[in-house]
Amino acid sequence: MEAIAVGLDPAVIDVVRHRKPLPGIGEKESAIVQVGREIFGKHKLSSETYARALKLFGERDLVDLVDLMGNYAGTSARLTVFNQHMPPGWKQFLPLPFTPPDDIHPDSRSRLPLIQRPTPASATPPALYSRPLAPEGTGPAHIRRHGAGLKSLEASVGRRLMELAILVTAREHDLQYEWTMTEPAALKDGLEPAIIDLVRLRKPVTGLAEKDAALIELGREVFRKHFVSAETYARALKAFGERDLVDMVDFMAQHTADGVLLTAFDQQLPASEKPLLPIQ
């Protein structure tokens, strides 16, 4: 709806919606779509696609465009884990290959209960383009209200589990730089080599401690399937509790956003570092 409001051609939206071929749309629009398809579909960006986008947008604007796409990739992870549904009566514009579970609260339309933000009596109506698109009580801002931030998460679950979350995110996005730079820190923070290898080689989680297993399964579903089942969510919620789960997902979403930048700009390891993640 926002795209149409600011003049994006509905034909371009339809190309993206249905993953149609790109000939026939504008050069800049085509370049943006191709960058996104490669980063999110292949977890790498070809030299040809990068060079084309760089020529069209210049370095500064390309960095900002990729950063924007990364931020929305993180937002998508948050919305997926907490199963944010459309508000009642709103038409769904994106065809999905699955039906989202119905384990939601009717007021927030997500897996998280509604937190009603008080409205000051003196509040004035916002200007048209400062209004949030999502109705109050839904969307990523509402999800964040249930968390307490990274300091709270570290105090509650510890660095070991947070490093595991980074590795799971890096594995599912084929982020060699993120994985290789994180693995030594994870070992130092007490993450067992056997669990690191389990994530590295995508082995089953059978026999792991409940928090470890729940975290790995959650990451695999949200980043690989773009869908989190009611059973996987319930397991993670029981293992972490609502506050820590919101903060853990936010943490993984931020590393997803960073990963988009690392992928687009082909961040290489320092010359002295041996790659630790097998990537085809």
Given points 7 Å out from each Cα along the Cα-Cβ axis, report the Ile4 to Asp103 separation in nanometres with one decimal. 3.4
Note down the nm distance, to one decimal, between modelled labels 7 Å out along Cα→Cβ at Asn71 and at Glu273. 2.6
Pop the C-beta distance of Asp14 and Ala234 into the FRET formula with R0 = 51 Å and round what comes out to the nearest 0.05. 0.90
Tally Lys and Arg at +1 and Asp and Glu at -1 over the other residues with C-beta under 12 Å from the C-beta of Gln280: what net charge comes out? +1
Each label point is 7 Å from the Cα along the Cα-to-Cβ direction; what then is the distance between the points at Leu261 and Gln280, in nm? 3.1
Exposed chymotrypsin sites (Phe, Trp or Tyr not before Pro) absent: longest stretch of the chain, with sites in DSSP loops and at most 13 other Cβ within 10 Å deemed exposed: 99-280
Go ahead and set up a Gaussian network model of the chain, Cα springs under 10 Å, then flag whichever of Val15, Val222, Val35 fluctuates most. Val15
Expressed in nm², what is the orientationally averaged projection area of the convex hull enclosing the Cα positions of the range 148-264? 6.8
Can you work out the base-10 log of I(q)/I(0) for the chain at q = 0.11 1/Å, using the Debye formula on its C-alpha atoms alone? -0.73
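Bear in mind that the values in this text are calculations on the coordinates, not laboratory data. Since we're looking at a predicted model, the values are computed, not measured. Positions of Cβ are generated from backbone atoms using ideal geometry, with glycine treated the same way; all protein chains shown enter the neighbour counts.
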